[in-house]
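Engineer: Structure in structure tokens, see below.
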Amino acid sequence: MRNSALGYINGFAITPPGRYYDKGYRELFAEVALKALEAAGNPDIKAIYVASALSELTGEQLAIGNVLRDYAGLRNIPSIRIENGDGSGGFAIMTALNHLASAGNGCMLVVGVDKPHEVISLKQNKYASYLLDSDYEAYFGATPVALAAIMAKQYMRSYEYKYEDLATWAIKMHERGAKNPYAYFKRAAKLKDVLDSELVADPLRLYDVSPFVDGAAALVLCSKPNPNDLAIGVVNYGFGASNSYFASRNDYTVLSSVVEAAKAVGPLEGFNGVVSVHDTYSIFGVLALEALGLCKRGSALRLLNEGYFDQGGRVMVNLDGGLKAVGNSMGASGVYQMVGVVMQLRGDKPFNGLNAESAMVEDMVGVDQESVVFTLRVVK
Amino acid sequence: MVDQNLSVPKYWRKIPQYYRLTAVKCRKCGRVYFPPRAACECGSREFDEYELPRRGKLIEYTVLRSVTSDFEKQRPLAFGIADLGGVRVFGQLVDCPNPDKLSEGAEVEVVFRRVKEDSDYGIIYYGFKLRPVKGCW
């Protein structure tokens, strides 16, 4: 079993997501990078993978690696910045695992860091629109939420759901966030709160949209587990892509890139454990569950409402509150997801008593552009 | 110097698509792509230009209320996906003060409109938009 993982998570750290007007990219990076390295026993690091979607847009910084490394006092370690929109985190982890495989041994540091709150919301929306096709979608004013809204409408019509059914996603995520000290939204929400919130792109309301947050999360990935700690390994990963021009996809009720990524990981039907899905919008969380093969198409919202994905079940989804409650830290979001499931597998507070041994993480770029799915396991 | 936010050449080279919906049609299998692509799914890389029909049917729509900095004055924005002769196109819906009156399958036509401008001194950007033929009010 010991050699069955692609890499082991020997150290991790996260900053509580928020609006850090008093900290920049370098401060947030150093905070989590140094804590994660310390937790892993300060091993030698072969490379630093920095996942960031906005470093030049809001941080006005290209070639950010050296600035971050120098501030954190990490000398002579090559840094590689990975930009793949709000999926940067997952793609940085994937790349670090590949590096680990080619190196054969050693450790990699993966840090997701982004600061959307350096700019006002109109600018944040503009930068979010860069996740779409710049020439043919964003040019006309489209943003990801507009396309997510079209998917939500089609899904609700195809499977005869009411908006109240979809509102359950936000309610459940807020409920989980209320118990998670690392959540951005720590307040429970009632159906009335969701229904009374403003329309963003109908049928999606403010409560369907994950809030932009500044944040940083770090992982130390190693070829061998730390002998003094619980061994948690990334067992496998799979990649998938969909058409880049949204309108050209024939079916707007499926996340094709997630379907492809899940296929590449292997059969997931019998999976039991904890799952983290990239719910930038409520509908993406719902559709991800179907795309991962955890339930039949059209059934996820019904099962969610029946409590099938709650704590104590066979498949426990977004126990940290997902992007909806933890926040959307763009390039860092995938690393937050990974740290979230590692804490759940370890049974760290507030996730004690879960006794989960397997986990799955789904990280998606934009509106079903590209996805990567990871499976993790407690290795005994 | 006035800071220019949007790029002129980035816009200029897309004029055939923005103004005339110029797609490409594969010489080998006849498949039409909008936006144009360099390679067909059949493997061919030889295309002819092909203008999409100017009328079609609405597949789905939404109204976006939280817009980007370029569209602040145009809030809210209605968007639709239209089927134009078998090719699906994404665009803004215009002349539609009451989108609730729209329905799936409504007939739409392609019209030429102003899209946005680069502050007070930059160029004005144009492009196609989709107009419900029977209106929506």
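Here, each number is a calculation from the coordinates, and none is a lab measurement. Quick caveat: nothing in here was measured; it's all calculated off a predicted structure. Here the Cβ is made from the backbone with ideal geometry for all residues, glycine too, and neighbour counts use every protein chain on show.
Engineer: In whole Å, how far is the Cα centre of segment A:50-104 from that of segment A:202-261?
Structural biologist: That distance is 17 Å.
Engineer: Pop a pseudo-label 7 angstrom from the Cα along the beta-carbon direction at both A:ASP196 and B:LYS28 and give the gap in nm to one decimal.
Structural biologist: According to this spin-label approximation, the distance is 6.1 nm.
Engineer: Consider just the alpha-carbon atoms of segment B:8-132 and return their Rg together with their Dmax, both in angstrom.
Structural biologist: 15.9, 47
Engineer: Also: Which of the lysines could be linked to A:LYS296 by a straight reach, that is with a Cα gap under 23 Å, when you skip same-chain ones fewer than 8 residues away?
Structural biologist: The qualifying lysines are A:LYS153, A:LYS162, A:LYS172, A:LYS263.
Engineer: Under 8 Å for C-alpha pairs, at least 6 residues apart: give me the relative contact order for chain B, rounded to a whole percent. Before the final figure, lay out the partial values.
Structural biologist: Values: 264 pairs, mean separation 30.1, N = 137.
Worked out over chain B, it gives 22 percent.
Engineer: Filter the trypsin sites (Lys or Arg not before Pro) in segment A:89-188 to those in DSSP coil with at most 13 other Cβ atoms within 10 Å of their Cβ, and list the result. Don't jump to the answer; show the numbers that get you there.
Structural biologist: Numbers: sites: A:LYS123, A:LYS126, A:LYS153, A:ARG157, A:LYS162, A:LYS172, A:ARG176, A:LYS179, A:LYS186, A:ARG187; in loops: A:LYS162, A:LYS179, A:LYS186, A:ARG187.
Passing sites in segment A:89-188 are A:LYS162, A:ARG187.
Engineer: Take the Cα of A:LEU230, step 7 Å along the line toward its Cβ, and report every residue of segment A:351-373 whose backbone nitrogen sits under 12 Å from that point.
Structural biologist: A:351-359
Engineer: Subtract the Cα-Cα distance of B:LYS134 and B:GLU41 from 0.36 nm times their separation in residues, and report this length gain in nm to one decimal.
Structural biologist: 29.8 nm
Engineer: Could you pull the Cα extents of segment A:212-268 along its three principal axes, largest to smallest, in whole Å?
Structural biologist: Projected onto its principal axes, the Cα set of segment A:212-268 covers 51, 35, 16 Å.
Engineer: If neighbour count is taken as other Cβ atoms inside 10 Å, put A:CYS295, A:CYS107, B:CYS42 in order from fewest to most.
Structural biologist: Details: A:CYS295 19, A:CYS107 25, B:CYS42 10.
So the residues, fewest neighbours to most, are B:CYS42, A:CYS295, A:CYS107.
Engineer: In Å³ and rounded to a whole number, note down the convex hull volume per residue for the Cα atoms of the protein assembly as shown.
Structural biologist: Numbers: hull volume 80.2 nm³, N = 517.
Expressed per residue, the convex hull around the Cα atoms of the protein assembly as shown is 155 Å³.
Engineer: How high is the FRET efficiency between A:GLU175 and B:LYS73 when r is their beta carbon distance and R₀ equals 35 Å, given to the nearest 0.05?
Structural biologist: Working: r = 39 Å, r/R0 = 1.12.
Step by step, r from the Cβ atoms, then E = 0.35.
Engineer: Specify the residue with the greatest mean-square fluctuation among A:LEU28, A:LEU287, A:LEU195, computed from a Gaussian network of chain A linking alpha-carbon atoms under 10 Å apart.
Structural biologist: A:LEU195
Engineer: Rounded to the nearest 20 Debye, what is the dipole magnitude of the protein assembly as shown about its Cα centre when Lys and Arg each give +1 and Asp and Glu each give -1 at the C-beta?
Structural biologist: Numbers: 59 positive and 58 negative charges, 106 e Å.
Dipole about the Cα centre, nearest 20: 500 debye.
Engineer: As a test of the formula, what do you get for the protein assembly as shown when each DSSP H run with n ≥ 4 contributes -39,500 (n - 2.57) and the sum is divided by the residue count, at 222 nm and rounded to the nearest 500 deg cm²/dmol?
Structural biologist: Working: 14 runs with 142 residues, N = 517.
Mean residue ellipticity at 222 nm (helix-derived): -8000 deg cm²/dmol.
Engineer: Using 0.36 nm times the number of residues separating A:GLU357 and A:TYR71, minus their current alpha carbon distance, what extension gain do you get? Mind showing how you got there, number by number?
Structural biologist: On the way: separation 286, 0.36 × 286 = 102.96 nm, distance 3.71 nm.
Difference between extended and current length: 99.2 nm.
Engineer: Just want the ordering: A:VAL194, A:VAL367, B:VAL94, from fewest to most Cβ atoms lying within 10 Å of their own Cβ. Spell out each step's value before the answer.
Structural biologist: Working: A:VAL194 22, A:VAL367 28, B:VAL94 16.
Neighbour counts put them in this order, fewest first: B:VAL94, A:VAL194, A:VAL367.
Engineer: Could I ask something else about it? Computed FRET efficiency, Cβ-Cβ of A:TYR159 and A:LEU122, R0 41 Å: what is it to the nearest 0.05?
Structural biologist: Efficiency for this residue pair is about 0.75.
Engineer: Straight-line reach from A:LYS35: which aspartates and glutamates have Cα under 19 Å away, leaving out those fewer than 8 places along the same chain?
Structural biologist: A:LYS35 reaches A:GLU27, A:ASP44, A:ASP70, A:ASP114, A:ASP214, A:ASP229, A:ASP348.
Engineer: Roughly how many nanometres apart are two label points built 7 Å out from the Cα toward the Cβ at A:GLU83 and B:GLU51?
Structural biologist: Distance between label points: 3.7 nm.
Engineer: Springs between alpha-carbon atoms under 10 Å, Gaussian network over chain B: tell me which of B:ASP120, B:ASP83, B:ASP48 tops the mean-square fluctuations.
Structural biologist: Residue with maximal mean-square fluctuation among B:ASP120, B:ASP83, B:ASP48: B:ASP120.
Engineer: For the cross-link pairs B:LYS101/B:LYS134; B:LYS57/B:LYS129; B:LYS14/B:LYS129; A:LYS126/B:LYS116; A:LYS23/A:LYS179; B:LYS73/B:LYS129, which exceed 21 Å when the distance is taken from alpha carbon to alpha carbon?
Structural biologist: Details: B:LYS101/B:LYS134 10 Å; B:LYS57/B:LYS129 13 Å; B:LYS14/B:LYS129 15 Å; A:LYS126/B:LYS116 13 Å; A:LYS23/A:LYS179 26 Å; B:LYS73/B:LYS129 17 Å.
From B:LYS101/B:LYS134; B:LYS57/B:LYS129; B:LYS14/B:LYS129; A:LYS126/B:LYS116; A:LYS23/A:LYS179; B:LYS73/B:LYS129, over 21 Å: A:LYS23/A:LYS179.
Engineer: Starting from the alpha-carbon convex hull of segment A:140-184, give the projected area averaged over all orientations, in nm². Display every interim value, and only then the final one.
Structural biologist: Working: hull surface 17.8 nm².
Averaged projected area of segment A:140-184's Cα convex hull equals 4.4 nm².
Engineer: Express in nm, to one decimal, how much length is gained between A:LEU206 and A:ASN98 on full extension, taking 0.36 nm for each residue of separation and deducting their alpha carbon distance.
Structural biologist: On the way: separation 108, 0.36 × 108 = 38.88 nm, distance 3.82 nm.
That works out to 35.1 nm of additional length.
Engineer: Quick one: plug the Kirkwood hydrodynamic radius of segment A:24-128 (C-alpha pairs) into Stokes-Einstein at 25 °C, 0.890 mPa s, and report D in µm²/s. Present the calculation step by step, with values, prior to reporting the outcome.
Structural biologist: Details: Rh = 14.2 Å.
Stokes-Einstein gives a translational diffusion coefficient of 173 µm²/s.
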